[in-house]
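For reference, the structure is listed below as structure tokens.
The numbers here are math on the coordinates, done by the rules we state, and not lab data. Keep in mind the model is a prediction, meaning the values are calculated, not measured. Glycine gets a Cβ as well: all are built from the backbone with ideal geometry, and neighbour counts include every protein chain shown.
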Amino acid sequence: MASDIESAPQSVATTLARIDATSPILLFDSGVGGLTVLEEVRKALPDASIIYAADTAGLPYGTKTEAQIAARVAGLLGRMTERFRPRLVCIACNTASTIALGMVREVLEVPIVGTVPAIKPAAAMTKTGVIGLLGTEATIRQAYVDRLEHEFAAGKRLLRHGAPGLVEAAEAKLRGEPVDPALIRHAAQALRMQPDGERIDTVVLACTHFPLVEAELAEAFGPGVRFVHGAQGIARQVARLTAGQEYSRQRPDRALFTGQGELPGAYAEKLAHYGLMRIERF
Ligand code: DGL
């Protein structure tokens with residue numbers, strides 16, 4: 001088991017023969033959090049054609065039940081892979097990955113890279129032995145996280161906090177709205193106030209939305225705290241699983257949002273910054 005990435009067991013060699021050069025990489029999240037992963041995937045694979053899919057009709061995942069999340073993720077990825085024929089799917093969402101990765105792999109015939117909390121690198125980095133973990137409420141209660149803790153952080157202290165306010169803050173920031181400092185302060189204090197919380201020197205950002213507000217979190221935690229997340233490692237894994245494949249981007253990349261109605265105009269500018277020039281409803 002990897003610490004911050006879960007990748008498909010499929011052999012790259014067996015998939016090489018049938019890859020169409022225009023076939024995209026599909027990145028999936030509940031909202032804009034997966035853009036933090038997209039940024040790293042672009043650096044690793046600048047010529048790859050990418051579809052960014054956000055289940056905005058289901059956002060937030062973190063306050064939903066396991067069954068609700070699994071149904072949305074499996075249903076949407078099934079429909080999306082049929083329609084867009086991606087060469088690889090990256091579930092750029094810790095909540096979706098820790099709950100639904102196994103079942104999605106059971107049914108989809110495409111390599112799938114998941115995102116799981118970066119506990120292993122955090123355990124290697126901490127000097128005090130006390131690690132904070134900020135995720136969604138759904139993620140922090142997963143047995144998957146217990147397993148990562150037992151495997152990689154035995155002998156350390158891992159303090160968890162489910163922080164839905166940070167998802168809200170990150171979404172607001174992407175819409176160009178001011179971030180409510182109370183949401184950030186609350187998340188930092190919730191970890192600091194747990195037993196041994198004052199000794200935290202490393203914080204795992206176990207939700208892909210949270211790196212979008214890392215600067216704000218750094219200020220709230222104060223000096224001496226480092227943050228770790230999986231985006232770079234995930235991008236490396238995507239590159240590894242697609243090594244040797246050809247890319248030909250024929251059209252500008254697009255972002256898909258589930259649900260109805262007008263999308264906030266402010267998104268367009270931000271998404272263009274990530275190379276997503278077309279915005280569509282799915
Ligand atoms: N970005 C998601 C994650 O990594 C979850 C945000 C949400 O929908 O609650 O867990």
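Table for the structure above
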quantity: Enumeration of residues in the stretch 240-261 that are surrounded by fewer than 17 Cβ atoms within 10 Å (Cβ to Cβ) and of a type in the set (Gly, Ala, Ser); calculated: 243, 244, 248, 259, 261
quantity: Number of positions in the stretch 201-227 that are over 16 Å from residue 174 (Cβ atoms), surrounded by fewer than 23 Cβ atoms within 10 Å (Cβ to Cβ) and away from the ligand (no atom under 16 Å from the Cβ); calculated: 10
quantity: Condition met for residue 105 (within 16 Å of the ligand (Cβ to nearest atom), of a type in the set (Lys, Arg) and touching a residue at least 12 places away in the same chain (Cβ under 8 Å)); calculated: no
quantity: Long-range neighbours under 6 Å by Cβ, at least six apart or interchain, first residue more than 19 Å from residue 136 (Cβ to Cβ) within the stretch 177-196, second of a type outside the set (Ser, Thr, Tyr) and surrounded by 14 or more Cβ atoms within 10 Å (Cβ to Cβ); calculated: 196/130; 196/157
quantity: Selection within the stretch 80-101 - surrounded by fewer than 18 Cβ atoms within 10 Å (Cβ to Cβ) and either assigned to a strand (DSSP E or B) or without any contact (Cβ under 8 Å) to a residue 40 or more places away in the chain (or both); calculated: 82, 83
quantity: All positions within the stretch 212-226 that are under 20 Å from residue 182 (Cβ atoms) and within 24 Å of the chain's Cα centre (by Cα); calculated: 212, 213, 214, 215, 216, 217, 218, 219, 220, 221, 225
quantity: Strands (runs of 3 or more DSSP E) completely within the stretch 143-258 that count 3 or more residues being within 30 Å of residue 76 (Cα to Cα); calculated: 157-162, 202-206, 253-257
quantity: Qualifying residues in the stretch 48-73 (those that are part of a helix (DSSP H, G or I) and more than 11 Å from residue 28 (Cβ to Cβ)) - the one nearest to the ligand (Cβ to nearest atom); calculated: 69
quantity: Test: residue in the stretch 141-156 that is surrounded by 24 or more Cβ atoms within 10 Å (Cβ to Cβ), of a type outside the set (S, T, N, Q) and within 13 Å of the ligand (Cβ to nearest atom); calculated: no
